[in-house]
1. Relative to the compact globular guide of 2.2 N^0.38 Å, what is the alpha carbon radius of gyration of the chain, as a ratio?
2. Relative contact order (percent) for the chain, with alpha-carbon contacts under 8 angstrom and 6 or more residues of separation?
3. In nm, to one decimal, how far is the GLU151 label point from the LEU271 one, both placed 7 Å along Cα→Cβ?
4. Taking H placed 1.01 Å from N in the peptide plane, check which residues at least 5 places from ALA76 or on another chain put their amide H under 5 Å from its amide H.
5. If packing is taken as the average number of other Cβ atoms within 10 Å across a peptide's residues, how do 166-173, 24-31 rank, most packed first?
6. Among DSSP bridges having both ends in segment 135-270, what percentage is antiparallel? Round to the nearest 5.
7. How long is the gain from PHE219 to ALA140 if the chain were fully straight, where each residue apart is worth 0.36 nm and the alpha carbon distance is subtracted?
8. With axes computed from alpha carbons, what is the tilt in degrees of helix 18-28 against the longest principal axis of the chain, rounded to the nearest 10 within 0 to 90?
Amino acid sequence: MTADARTPLGLFAGGGEFPALLLAALHDRGHEVAVVGMRGETDPRLLKRVRTSFLAGVGEFGKMIGFLQGAGVREAMMAGYVRHTNLFKAQRTDSLTTRILGAIADRRADTILKAAALALSRAGIRLVSPMPLLGPLVPAKGTLTRTEPTEAAWKDIAFGLGIARGVAGLDVGQTVVVKAQAVVAVEALEGTDATIRRAGKIGGRGTVVVKVARPRQDFRFDVPIVGVATVASLKAAGATVLAIEAGRTILIGRDRVVAEANRAKIAIVAL
């Protein structure tokens, strides 16, 4: 990130807790922030925390860029989720969005976001990674909870890690759930929490969840995130372990995540 505090930064804010956390980090560093909210995804309260904001439909990328240009933005970040299914349901797409979707080879999340980053670059706006702002929330290797995985769970972690990396490399999803060295569920469009809960219905208690980054993860627009809602899903599904990648995953509300996992006797390990 090269912009100084006098130059407004753009923030594409999706759903979840991440946008508010990132906005707070930017404000702490004295940055003026122009927020682009996604209708049906962004918490409306977030828009009230900035002087300059714009709420758009997911199919109005041209309008979003126009807003950021008008605000004088030269660098922007993306935070939060936009449900991939919402793009399929978009009632209207502006001309730029239509061109982007018509030019890409497929509609995987990574493909769409890279095309969006290129469109931003052509408009004079550089997309940058938020990771340098979030050091304390990115865990190093080790067990983060009081509960340690059992010997059997460690075998499931090793098994699941190889599967998860293979699936992530195909840009299918970033989470797999395993039990007794068998795959119970693989993440697709539904997201991590829904995958965990689905696995609980299929595999019962004692599942192990492994979440990884893609082999060539572009942290400008896609950051693996774990939060309190993830722990709630683990608990509801009867999962006993969550394994994540050290240095490549953000724990939103880290202290609370660990505390909730400790109460539920769920092990969280960073690999």
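1. On the way: Rg = 19.0 Å, N = 271, 2.2 N^0.38 = 18.5 Å.
So the Cα radius of gyration is 1.03 times the expected 2.2 N^0.38 Å.
2. Numbers: 530 pairs, mean separation 46.4, N = 271.
With pairs under 8 Å counted, the relative contact order is 17 percent.
3. With each label point 7 Å from Cα toward Cβ, the separation is 2.0 nm.
4. For ALA76, the qualifying residues are GLY10, ARG126, LEU127, VAL128.
5. On the way: 166-173: 16.4, 24-31: 14.0.
Packing proxy ranking, top to bottom: 166-173, 24-31.
6. On the way: 10 of 19 bridges.
Roughly 55 percent of the beta bridges in segment 135-270 run antiparallel, per DSSP.
7. Working: separation 79, 0.36 × 79 = 28.44 nm, distance 1.71 nm.
Full extension of this stretch gives 26.7 nm more.
8. Computed tilt is about 60 degrees.
Each value in this text was obtained by applying a stated rule to the coordinates, not by laboratory testing. Nothing here was measured: the structure is a model prediction, and the numbers come from that model. Cβ coordinates were reconstructed from backbone atoms using ideal geometry, including for glycine residues, and neighbour counts include every protein chain displayed.
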